[in-house]
Structures are given as C-alpha cells and as structure tokens.
Amino acid sequence: MSLLTVAALYFLVPVYWLMVSATKNSSDLFGTFGFWFANPRPLEYLGDLLTYDDGIYLRWFANSVLYAGVGAALATLLSAAAGYALAKFDFRGRETVFNVVLAGVLIPGTALALPLYLMFSEVGMANTYWAVLVPSVVSPFGVYLCRIYAVASVPDSLLEAARIDGAGELTIFRVLVIRLMSPALITVFLFQFVHIWNNFFLPLVMLSNSDLYPITLGLTSWQGYADRQPLLYQLTVGGAFVSVIPLMILMVVLQRFWRTGLTEGSIKS
Amino acid sequence: MARSRLHSSRNRAAVGFLLPFCVLFLATFIAPICYALYQSLFKVERSGALGLGGETEVFAGLSNYTHALEDSQFLEGFARVLLFGVVQVPVMILLATVLALLLEAASARGVVFFRTAFFLPYGVPGVIASILWGFLYVPGISPFVEMFHSAGFDVNFLSEGNLLWAIANIVTWEFTGYNMLILISQLKAVPDELYEAARIDGANAWQVAIRIKLPLIRPALVLTTVFSIIGTLQLFSEPLVLKPLTGNIDTGYTPNVHAYNEAFQSNNYNVAAAEAVLLALVACVLSFGFMRLVGRRGKVGDE
C-alpha cells in the first residue's frame, strides 16, 4: 500500500504543480514556491489565454478536436470493416494482407512522416487539414484488434442466419457486426483519439500555417517564444493545463473500457 | 452454379470491406516506405557556378547511407537512444509489472483511484509532458530544485550527465500507467481457479506472482516491451522541447532529431530519407529480434 501511495505521488505531483501554476502570472511563476498558490486569479488568466492573438488558442483547440475526433471516428470505421473482412471471409491472400498490416504496427510513425511530407507536398496537400487527417485514419493496430475481436465475438451461425433471411452484406455489417463489436470499437476509437491528439511529429512536419496547428504544436510555439515575451510563460502553463483537462476525463473513461478490447488482443498475440 | 455465385458475391463484399482501409494503408504506409527507399538512392546535383545553373537528380547508389553512417553525430544519437532504451525500458516495464501485480492483489478499496492516478499521465501529450517537466527541471521555476537547495543540495537536472535520465524520467512518467493497464487486462483474463489451486497446494502470494502470474502475462510483457523499444527509437519531442532550456542538446541528440534537422535545416532530403530508412530498419530488427529471443526461450521453459 505504501508503494502504491509513493507511485501515486510520483504520477500526480506534476499534474498538481500544473494546476497550481495555471493560477499564476509569469512573475509569480518564477517568484513563488511552485507547490502553493500565490495571488490566484484563474478567471482573469483564462481570459488572457482565450483572447491572446485573436483567440488563436481556441482555434488550436478546435483543430485538435477536429483532427482527433474525425480521424478516430474514420479510423474506427475502416478498422472495423477491414478487421471483420479478415476475420469472417475466406479469400486468397487473406493471411498475407493481415501479416503486412501487422508489420505496419512495427514501423515507427516518425520514419513515415518525412517521406509522407515529401509526397504530400508534391501533390500540393502539405500544409492543409488533409495532411494531418489522412494519415490519422489508418490504424493497423485497430485492424489487428478488430480482427481478433471479430473472431471471438461474431458467431458464424448468426451471420448465416441473417444471410438466409436475405439480409445484404452491408446491412449485416451495419446492423449486426458493428453492434457485436462495439466494446472493441470503443477501445479502438479512444486509443486512436489519444494517439492523434498526442501526435506531435506529423503536424510539426506537415504544417507551417499556425492557423492549422493542433494544440500541442501551438503550445510549443509559445514555449519557444517565451524567452522574448514573458507573458507567454503564463499562457503556456495555463494553456497546457486547460488542454489536459478533456484528456484527463477521457483517461478516466478509457481505463474502464480498456479491458474489453485489449484483453482479447494480448491473449492471442 | 448457385454456390459459386454465392461465393463471388461474398468475395465482392469482403473486397468492399477491405478496400477503403487497404487503399489508405497503401497510400500512407507502403508508398512512403517505397518513396523513402527511392529518395535515399538519389542525390541532388547542382550545376553551374555557385550551383545556380539548376538542379538535377542523379542516382547515388548507397552513398547517402554511407554518408549517414559516417556522420559521427548520427551514430552518437543512435548510441544515446540505445543506452537510453537499455536502462529506461526495463525500469519502466518492471515498475509497470510491480504496480499491476500490487493492484491485482490489493483489496478493492482504493484500486480504482490508484489505477486512474497511474494512468492519468498517458493522457498528457509527450510535448506537454516535456514542457511540464521542463519547468520542473529548470532552476528559478522548479520547486524541486528549490527544495533540494534549501536542504543543502544543488542539483542540476539538465547537466550533461543528468539530461538523458531527466528525459528517461519524462518517458517513464508518461507510459508506465499505460503499460500497467495492458498487463492488468491480461491478469484479469487468468481464471481464478488457477490461483485457488495454487493456494491449496500451499503457494504463498509471492510464489503465485512469480510462478503463475508472470508466465501467464508474458505475451502482454512482450507486447509492451516491443512497443517501448519502438518508442525509444523515435525519441524526438522531449529533446526538442528541452533544447531551449539547456546547452547540452545538439542537432543530432537522437536519430530522429538528426533526420529532422537534415531535412528541414540543411535541406538534405535524400540523406534524411536514408536516415528514416535506417531508423525503421533498426526498429524492425530490434523488435523482431526481441520477439524471437523471448519466443524461443519461452518454448524451452514452458514445455
């Protein structure tokens, strides 16, 4: 129990520091003890954060929601369809396709980002929303998880019964399969959402227009200028805290759903 | 006749389900790998005085690779992440395993709180975690430096010797809970009867953990270790964010940082492509190597 408490302190203290510091201005950030409040004016600083540079922070936030939300939703749909096809249809080359996808899990994302940038800039897609969205909807790990879950949770007899009743393949997928696989799909969605939200290298390589930045890239650009503009220290810390809140909530949800999907995945790997 | 028609319609359906993913997988995984391989075999030659006569792409064989492999900064970066991985990955996996076993064995009260607390940092993006820990390292802001100072110690987390381990701490902080959760999910899949049987045979909690739980969660341990190895080789945002805070991070601190600078500072895409290929190659060799290593040992041990 004492070891658990020490570990909890280790994981929580930095978050606590961030929370305390988000209520300070730049000079208090340097001048006062980090683990305790000094002249807290959270609402005023929140106002500073949201209005600085014509509200660019809100724009970055919306961009992150767009990239992660739309990207994860599409990734889940594509993974579900592909995983289901690989699990429940018998065709030539099935194992080859699956193995190639599986190898994709092992390719470091940062090794792909550079050549992707070069390809995208040749077709004029670099520095657009598409440049971050398109690579985000491909999740080999999601396909892997969906296949394993479909094998375990979609009974062949049910598919046969639906076919005998005259249901088309698309209807079967939409009505039956999606529902049966929903625990795995929630896991894939949340996993991919966090992955896209946390991704830094891809947007850094792809985007040069700060209007398109996700929040991670925006905050590092502020941090990089803070030397010359001390107000940005306060904005970086406050912005980091505000950006972390939705993800914290998501973590609480995610760790509850985590079990369903991943257990299936890791047992059979 | 009817049967073959049935089969062809089903095959069409399978293709329909697979096609959208496969097209995008080809575009964002296979094509970039091929493109990087292609780029890495060429180089840009500038003609005329001062290279103003235009640029032509000429075949360069493996010269970009030899260039990368003779670049001492690039090699030092590799050596640095390998040293980092050899220390950080085992420490993190061990910590995650211990926490997972403790949480599994603990009585219900507080388990949800601890599990959530350990997992929380995973939701903090790597760059944000680096900004956050950067403030916690830097004298003037850091309450840790202040507390050490008033206790009579002067520590510098960002000195040349400490820096790599300061980064290791950020990575450990972020991913221990994530790995722990994967291990817990596998522990939950172990049937309770197994523990009952062991207990009846007189095994104590420690023996159950070492002899039964650890071997049973081996697949999850392999999975988390492989993901961690890949993650280590990709180290990028941590050094990038800490760079303005210390003079000890150069443009080749990790292979990724080096490739990034090669491409965007020196405009040398061909060498950067070669470095990206080398990076992917090393990641694959290390992960496959590790899986084969534990796979073989597992067979001998299990049977």
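The values are calculated or read from the model by the stated rules, or taken from the named source; none is laboratory data. All figures in this text were calculated on a predicted structure; none of them were measured in a lab. Cβ atoms come from the backbone with ideal geometry, glycine included; neighbour counts cover every protein chain shown. With ligands, DNA and RNA removed, areas are computed over all heavy atoms of the protein, side chains included. Shrake-Rupley method; radii C 1.70, N 1.55, O 1.52, S 1.80 Å.
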> With B:102, B:24 as the choices, which residue is at the interface with chain A (Cβ under 10 Å from one of its Cβ atoms), farther than 25 Å from residue A:112 by Cβ and either touching a Phe, Trp or Tyr at 6+ places or on another chain (Cβ under 9 Å) or open to solvent by less than 60 Å² (accessible area, probe 1.4 Å) (or both)?
Replying inline: B:102
>> For the range A:206-256, which positions are more than 10 Å from every other protein chain (Cβ to nearest Cβ), of a type in the set (D, E, K, R) and either surrounded by 21 or more Cβ atoms within 10 Å (Cβ to Cβ) or not in a helix (DSSP H, G or I) (or both)?
In response: A:228
>> Quick test of your reading of the structure: residue A:15 fulfils all but one of (1) touching a residue at least 60 places away in the same chain (Cβ under 8 Å); (2) out of contact with any Gly (no Cβ under 9 Å at 6 or more places or on another chain); (3) more than 9 Å from chain B (Cβ to nearest Cβ). Name the failing condition by number.
In response: (3)
>> From the list A:55, A:31, exactly one residue is surrounded by fewer than 14 Cβ atoms within 10 Å (Cβ to Cβ) and more than 13 Å from every other protein chain (Cβ to nearest Cβ). Which is it?
In response: A:55
> Taking the range A:86-114 on its own, how many of its residues are among the small types (Gly, Ala, Ser) and within 13 Å of residue B:25 (Cβ to Cβ)?
Replying inline: 2
> Which of the following residues is more than 9 Å from chain B (Cβ to nearest Cβ), under 32 Å from the mean Cα position of the chain (by Cα) and in a helix (DSSP H, G or I): A:45, A:10?
Replying inline: A:45
>> Which pairs turn up if I take residues in the range A:67-91 that are within 11 Å of chain B (Cβ to nearest Cβ) and in a helix (DSSP H, G or I) and look for partners that are of a type in the set (D, E, K, R) and open to solvent by 20 Å² or more (accessible area, probe 1.4 Å) with beta carbon separation below 8 Å, at least 6 apart in sequence or on another chain?
In response: A:82/A:147; A:83/A:147; A:84/A:147; A:86/A:94; A:86/A:147; A:87/A:147; A:88/A:156
>> Suppose we keep only residues that are surrounded by fewer than 22 Cβ atoms within 10 Å (Cβ to Cβ) and not aliphatic (A, V, I, L, M) within the range B:214-227. Which one would you say is farthest from residue B:272 (Cα to Cα)?
In response: B:215
>> Condition first: open to solvent by less than 40 Å² (accessible area, probe 1.4 Å) and β-branched (Val, Ile, Thr). Now tell me which residues in the range A:69-95 satisfy that.
In response: A:76
> For the range B:240-256, which residues satisfy the criterion of being within 12 Å of chain A (Cβ to nearest Cβ) and either open to solvent by less than 10 Å² (accessible area, probe 1.4 Å) or basic (Lys, Arg) (or both)?
Replying inline: B:241, B:242, B:243, B:254, B:255, B:256
> Do you know which of the residues in the range B:182-198 that are among the small types (Gly, Ala, Ser) and within 9 Å of another protein chain (Cβ to nearest Cβ) is least open to solvent (accessible area, probe 1.4 Å)?
Replying inline: B:185
> What do you reckon, is residue A:126 part of a helix (DSSP H, G or I) and either away from chain B (no Cβ under 11 Å) or of a type outside the set (Phe, Trp, Tyr) (or both)?
Replying inline: no
>> Just the residues that are more than 7 Å from every other protein chain (Cβ to nearest Cβ) and either surrounded by fewer than 16 Cβ atoms within 10 Å (Cβ to Cβ) or touching a residue at least 12 places away in the same chain (Cβ under 8 Å) (or both), please, taken from the range A:96-108.
In response: A:96, A:98, A:99, A:102, A:103, A:105
> How about the range B:93-116: which of its residues are free of Cβ contacts under 8 Å to residues at least 12 places away in the same chain, over 20 Å from residue A:193 (Cα atoms) and not aromatic (Phe, Trp, Tyr)?
Replying inline: B:94, B:98, B:102, B:106, B:107, B:108, B:109, B:110, B:111, B:112
>> If residue A:143 satisfies all but one of (1) in contact (Cβ under 8 Å) with a residue 24 or more places away in the chain; (2) part of a helix (DSSP H, G or I); (3) open to solvent by 10 Å² or more (accessible area, probe 1.4 Å); (4) not small (Gly, Ala, Ser), what's the number of the condition it fails?
In response: (3)
